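Single-structure report; data block below.
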Amino acid sequence: MKLQLITAALSLSLVACVSTESPSSETSPSQTPVAVVLPELSHENSAKQDTTITLEQIMADPDWFGRAPQSWYWGDDSDTIYYQQKRKGNPLTDLFVKNLVNDTGNGAKVSPANMHLAADKNAIVNQAGSHEVYTFKGNVFVKDLREQSVTQLTFTSASESNAMFLTNGNVAYRVGNIFYAHNLTTGQIIELANLQMAEKPQGLQAPSRYLAKEQHKLIDYIALQHRNKQLTAEKKQDLAAQNTTITETKFYFGKGNRVSHASLSPSGDKLFVSITSAKSSRDKTDIMPNYITDDGVIAAEKVRARVANNRQYSESLFMLDLTKGEKSALSYKTLPDFDTDVLAAVKKENYARQGKRYTSEKQPRNIHLLQMWHSVKWSDDGSQIAFMLEAWDNKTRWLTSVDFATNELVSQHKLHDDAWINWSFNEFGWINSTTDDKSLYFLSEESGYSHLYVKAFTADGKGKTQQLTSGKFEVRDVTLTNDQQRFVFKGNKKHPGIYEIYQVDFNKNLTALTDLGGMNDYELSPDESKLLIQHSSLTMPPELFVKTLSSNGKANQITHTVSEQFKAMPWTAPSIVAIPSSHQDTPIYSRVYLPKNYDKMADKNRAVMFTHGAGYLQNSHLGWSGYFREFMFHSLLVQQGYVVIDMDYRASAGYGRDWRTSIYRHMGKVEVEDMRDGVHWLVENANVDPKRVGTYGGSYGGFLTLMSMFTDPELFQSGSAIRLVSDWAYYNHGYTSNILNTPEDDAIAYERSSPIYFAEGLEKPLLINAPMVDDNVFFEDTVRLVQRLIELEKQDFETAIYPVEPHGFVQPSSWLDEYRRIFKLFESTL
């Protein structure tokens, strides 16, 4: 059955795209599957088609096609933008500044002498909006926004950080585990808190053991020395109690611990502290040999721990009252389900396999702060605090506040997922945070998609919750406007692969602020009159645009960093095809690259399936892909007559919670089902010979190359697995335990998800490309798999090793060698 193709928005009519059409209507993921394609004209540009794409060109240092703006942000005046740009020929970056009023170029490089004067992306503005504070190279600076003058507060070899304004106008900052307040009027520096990772001194104690008691009783000298020490201690204590110039701000948290997080209240009277063990999660065997070193000696590099090590992680929470000098522990016992055995069913199944019986019992779960940017947020007036907690088993998160009257945790919102809580979509913040009528906003996947919620803040956590956005799309990157009336966010409402910028108010009125198509990220200007946008399309790398919100005009491009050489190349713009699934109603969105006259060839076409890495990543969107070398390689394959498909298989990002968690406890099953549907679609719709299809992918894509070739040997005629995972028990904890729990609790999930257990299924040519200094997926995964294949007496596999490469290759020579081998594999087998 031929699938109808329609044309949809592909961003702007940029040179490399040749031509696009504007969108005529919005489509929903649940509607009839369609494909987004460029007009046929894109295959007929004869001037470009005469140019041959070569591996040598596309695997060269990517500087040749442009150095896109990075880490971009607004200046203080809403007419200036800053961005980093990589230097040509080396990995260093420079800071550029561009004035939107009088600068027509890409801006000017900020000189090293003036770097401390440039607007800082992470600067904190005071409540009056008159000053901002920031750090530069470990020193604290204050800028007067009215006069545009800068004052350097500290000039030390210490590293000051976390600079902020207090509600009394002072500036606070942190040096190590000591917190200071700096009075801008008098210049006085006040120590607020000193966090000590030691046991609290007990003072002079009377002897308790028999020998010591007898010594004090019999030897006058010993008794005299003890009395003198006691008098000295009492004098010191009296002096501190009666003299206000002496401060004592030390808080003790025990030997062998470390500060995981510490957050000072804007009012300067409280400090929230999270403490965990200082013991490393690494074992002495967690090393990686590096054979190519500058001194010629093999180095044993320290690397991450494996999930099989199963080190459980928890944190202890404390609230410090800096006015009273008191430390209060915050117990998790007030959190709902803090002691629920969420893995009971999993453990029961694993015990049964061993002929044992599992008995479920309630016990406290290991809980800690969610690992995210700004996991703790105080209200602006410093009267309330909110933070995001998660369980070590990855099943529950709590948006939590503190009842300061009782020093107890209060759950403002609990989110549970039987699979795992997403590591994205955990944004939250305060609304009206300087008033008594405070609320919280947060993102949650409880509806099946990430959406925005607001909740009236109450001390008991029972305030009303309201969902502001809804539908089969995802909300992220939320900004609350200064008037506290609207939220700006990024979302894929128009199409799963198109991300525009929207705003929504408390009456749920949703408005699109952009209509660029493709991929868009944003930052709202300080005066909220403009959007700074990073925009890209299928065939054009990211550039910066500015859109004025008060007009209906288009966004204006303000940087031009893509080379003319790149624009002149005959790239193939892929179609975005919603491929029907034979296992569910939701289609599988995929990039499909079609050669000229693909449907008119007498001999059926060859095809290659590329499988993206990371698992939870979206690649079949309408923006520029992070897999830019693969995009160029696919255009080369098209020139050679191949059809290429790149699928957002189940587990990919952008399609909601259920799509993401469909791989829970069984990785490599549903993804291969989707790959099979992709091959069938190519055969039915792209004139592809089912006996001439190959596959390749890296990291998670390398894992799926192995799983597809081992468990469905007739699906592909050949494949290349790059930086592959062969056994998930050897991967890291943070990623793997989300999906498969831990090997100790769920060995069943690991064994049915790891390719090494299915290696006997290999029947077709396999190329393994493995970097040797990969501290993400260890080279050990390749070594163990190769040994397994040898013992199984498999003959049709080859291994190429790359001695100096990490997980993401760096050297152009390695990229070229790798893809020459992949191309040779397909040419010889398809």
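The values are calculated or read from the model by the stated rules, or taken from the named source; none is laboratory data. The shown structure was predicted, so the numbers you read here are calculated from the model rather than taken from an experiment. Cβ atoms come from the backbone with ideal geometry, glycine included; neighbour counts cover every protein chain shown. For accessibility, only protein heavy atoms count, side chains too; no ligands or nucleic acids. Shrake-Rupley method; radii C 1.70, N 1.55, O 1.52, S 1.80 Å.
Summary table
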| item | result |
| --- | --- |
| Count - residues of region 312-368 that are in contact (Cβ under 8 Å) with a residue 60 or more places away in the chain, of a type in the set (D, E, K, R) and surrounded by 13 or more Cβ atoms within 10 Å (Cβ to Cβ) | 4 |
| Filtered residue count, region 447-463, keeping only those that are part of a strand (DSSP E or B) and surrounded by fewer than 16 Cβ atoms within 10 Å (Cβ to Cβ) | 1 |
| Restricting region 755-792 to residues that are of a type in the set (G, A, S) and assigned to a helix (DSSP H, G or I), the residue that is farthest from Q811 (Cα to Cα) | G761 |
| Count of region 128-151 residues which are within 19 Å of P266 (Cα to Cα) and surrounded by fewer than 12 Cβ atoms within 10 Å (Cβ to Cβ) | 2 |
| Top-ranked residue of region 152-193 - restricted to ones that are of a type in the set (D, E, K, R) and over 21 Å from Q127 (Cβ atoms), ranked as surrounded by the most Cβ atoms within 10 Å (Cβ to Cβ) | E160 |
| Residue in region 484-491 that is open to solvent by less than 60 Å² (accessible area, probe 1.4 Å), without any contact (Cβ under 8 Å) to a residue 24 or more places away in the chain and either over 24 Å from the mean Cα position of the chain (by Cα) or closer than 28 Å to V402 by Cα (or both) present | no |
| Condition check for Y180: free of Cβ contacts under 8 Å to residues at least 24 places away in the same chain, under 30 Å from M388 (Cβ atoms) and either touching a Pro at 6+ places or on another chain (Cβ under 6 Å) or assigned to a strand (DSSP E or B) (or both) | yes |
| Qualifying residue in region 464-475 (condition: modelled with pLDDT of 95 or more, outside any loop (DSSP other than H, G, I, E, B), of a type in the set (S, T, N, Q) and closer than 30 Å to L100 by Cα) | no |
| Near pairs, Cβ below 8 angstrom, 6+ apart or cross-chain, from region 597-621 (among the acidic types (D, E)) to any residue that is open to solvent by less than 10 Å² (accessible area, probe 1.4 Å) and part of a loop (DSSP other than H, G, I, E, B) | D599/A686 |
| Evaluation of N194 against (1) over 25 Å from F253 (Cα atoms); (2) in contact with a Ser or Thr (Cβ under 6 Å, 6 or more places away or on another chain) (one fails), failing number | (1) |
| Residues satisfying the stated conditions in region 492-513, i.e. in contact (Cβ under 8 Å) with a residue 60 or more places away in the chain and not aliphatic (A, V, I, L, M) | N492, K493, K494, H495, P496, G497, Y499 |
| Those residues of region 262-276 which are open to solvent by 10 Å² or more (accessible area, probe 1.4 Å) and either free of Cβ contacts under 8 Å to residues at least 40 places away in the same chain or not in a strand (DSSP E or B) (or both), in sequence order | P266, S267, G268, D269 |
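Rundown of residues vs (1) surrounded by 12 or more Cβ atoms within 10 Å (Cβ to Cβ); (2) not in a loop (DSSP other than H, G, I, E, B), yes/no style:
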| residue | (1), (2) |
| --- | --- |
| T52 | no, no |
| Q57 | yes, yes |
| A60 | yes, no |
| W72 | yes, yes |
| S78 | yes, no |
| K88 | no, no |
| A119 | yes, no |
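Condition check ((1) closer than 17 Å to Y589 by Cβ; (2) out of contact with any Lys or Arg (no Cβ under 7 Å at 6 or more places or on another chain); (3) open to solvent by 20 Å² or more (accessible area, probe 1.4 Å)) across all residues:
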{"residue": "D646", "(1), (2), (3)": "yes, no, no"}
{"residue": "M675", "(1), (2), (3)": "yes, yes, no"}
{"residue": "G678", "(1), (2), (3)": "yes, yes, no"}
{"residue": "V693", "(1), (2), (3)": "no, yes, no"}
{"residue": "G698", "(1), (2), (3)": "no, no, no"}
{"residue": "F703", "(1), (2), (3)": "no, yes, no"}
